[in-house]
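First up is the structure itself, then whatever we jot down about it.
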Amino acid sequence: MICIINFKTYPAGTGKKALQLARICERVAKREHANIAIAVQATDIRMISQHVEIPVLAQHVDDLEQGAHTGWAIPEAIKEAGAIGSLVNHSEHPLPLATIKETIKRLHALGLISVACAPTPSMEAKIAKFKPDLVAIEPPELIGGKISVSQAEPQIITQSLRRVNGIPLLCGAGIHTKRDVSKATQLGAQGILVASGVVNAKNPEKVLTQLVRRRV
Ligand code: G3P
């Protein structure tokens with residue numbers, strides 16, 4: 001089971017606090033032998049990737065070549081900073097389909113992984129054609145809420161699985177408990193994408209441990 005924690009731009013996921021949280025995620029990954037990766041802000045990639053061994057992802061990359069462009073985060077830069085890949089088309093940073101295709105291509109050309117996000121199974125099917133390494137289904141209306149996609153809209157997971165041609169599927173939005181995770185994996189998801197349930201938790205280590213702990 002793959003667990004990606006998206007730090008977003010939450011205060012607890014920014015700067016020194018992001019490093020503290022990254023170290024917690026690494027501690028849980030090592031103790032629980034769990035596949036945990038973190039998606040952090042571009043400004044934190046270098047610092048965090050130099051201090052933890054778990055995979056660090058960018059939350060977004062811009063599909064621009066190196067050169068006279070100001071104020072962007074391109075694949076070469078996140079790679080040099082230590083990221084192993086990036087989220088693409090997160091619903092909080094949506095992209096046109098053509099840009100999604102080119103961004104996935106640029107990431108792969110640099111040996112970086114792509115985690116392509118989609119709000120609906122039909123969009124997932126279109127994005128799967130670009131062969132990202134992972135796809136993530138996240139109904140925007142459930143993001144940041146207390147009801148998980150696996151509980152509220154389980155059919156979205158099964159519909160997505162049928163349309164992604166075997167690409168590993170993560171599901172996200174509202175995931176807070178082991179029950180949310182178990183339901184998602186029982187439906188066929190290979191992992192989860194989680195943010196507020198961990199990043200804003202009073203005890204992120206306890207919550208993350210519960211989410212990734214294999215049944216005893
Ligand atoms: O990228 C994952 C994120 O969009 C899910 O947010 O707060 O519902 O876990 P949240």
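Bear in mind these aren't lab numbers, they're just calculated from the coordinates by the rules spelled out. The shown structure was predicted, so the numbers you read here are calculated from the model rather than taken from an experiment. So basically every Cβ, Gly included, is an ideal-geometry build from the backbone, and we count neighbours across all protein chains shown.
Taking 24 Å as the limit for the C-alpha separation, the pairs LYS79/LYS105; LYS8/LYS206; LYS30/LYS129; LYS105/LYS146; LYS8/LYS79; LYS131/LYS206 exceed it in the case of LYS30/LYS129; LYS105/LYS146; LYS131/LYS206. Dipole magnitude for the stretch 61-125: computed about the Cα centre from +1 point charges on Lys and Arg Cβ and -1 point charges on Asp and Glu Cβ, it is near 140 debye. Does the stretch 1-40 come out rounded, prolate or oblate by the C-alpha gyration tensor, with a ≥ b ≥ c the root eigenvalues, rounded set by a/c under 1.5 and, if not, prolate when a/b is larger than b/c and oblate if not? Oblate, since a/c reaches 1.5 and b/c is not below a/b. Normalising the average separation of contacting C-alpha pairs (under 8 angstrom, six or more residues apart) by the number of residues puts the relative contact order of the stretch 95-169 at 31 percent.
Give me the percent relative contact order of the chain, please, defined on Cα pairs under 8 angstrom at least 6 residues apart.
Working: 462 pairs, mean separation 42.5, N = 216.
Result for the chain is 20 percent.
Taken one residue at a time, the phi angles of the stretch 62-72 give Karplus couplings (6.51, -1.76, 1.60, θ = phi - 60°) of 9, 7, 10, 7, 5, x, 7, 10, 10, x, 10 Hz. Gly and Pro are set to x. A simple charge model with +1 on the Cβ of Lys and Arg, -1 on the Cβ of Asp and Glu and nothing else charged puts the dipole of the chain at about 840 debye relative to its Cα centre. What aspartates and glutamates sit close enough to LYS16 to cross-link, taking a C-alpha to C-alpha distance under 14 Å and skipping anything fewer than 8 places away on the same chain? Here the aspartates and glutamates satisfying the reach criterion relative to LYS16 are ASP44. Projecting the Cα positions of ALA34, ALA22, GLY67 onto the charge dipole of the chain (unit charges on Cβ atoms of Lys, Arg, Asp and Glu, taken about the Cα centre) puts ALA34 furthest along the positive direction. Amide H contacts of ASN35: CYS3, each under 5 Å away and 5 or more positions distant or on a separate chain (H built 1.01 Å from N in the peptide plane; Pro and chain starts excluded). If you take all other residues with their beta carbon under 15 Å from the beta carbon of PRO140, and give Lys and Arg +1 and Asp and Glu -1, the sum is -4. The aspartates and glutamates whose alpha-carbon is closer than 18 Å to the alpha-carbon of LYS126, local same-chain residues fewer than 8 away aside, are GLU102, GLU138.
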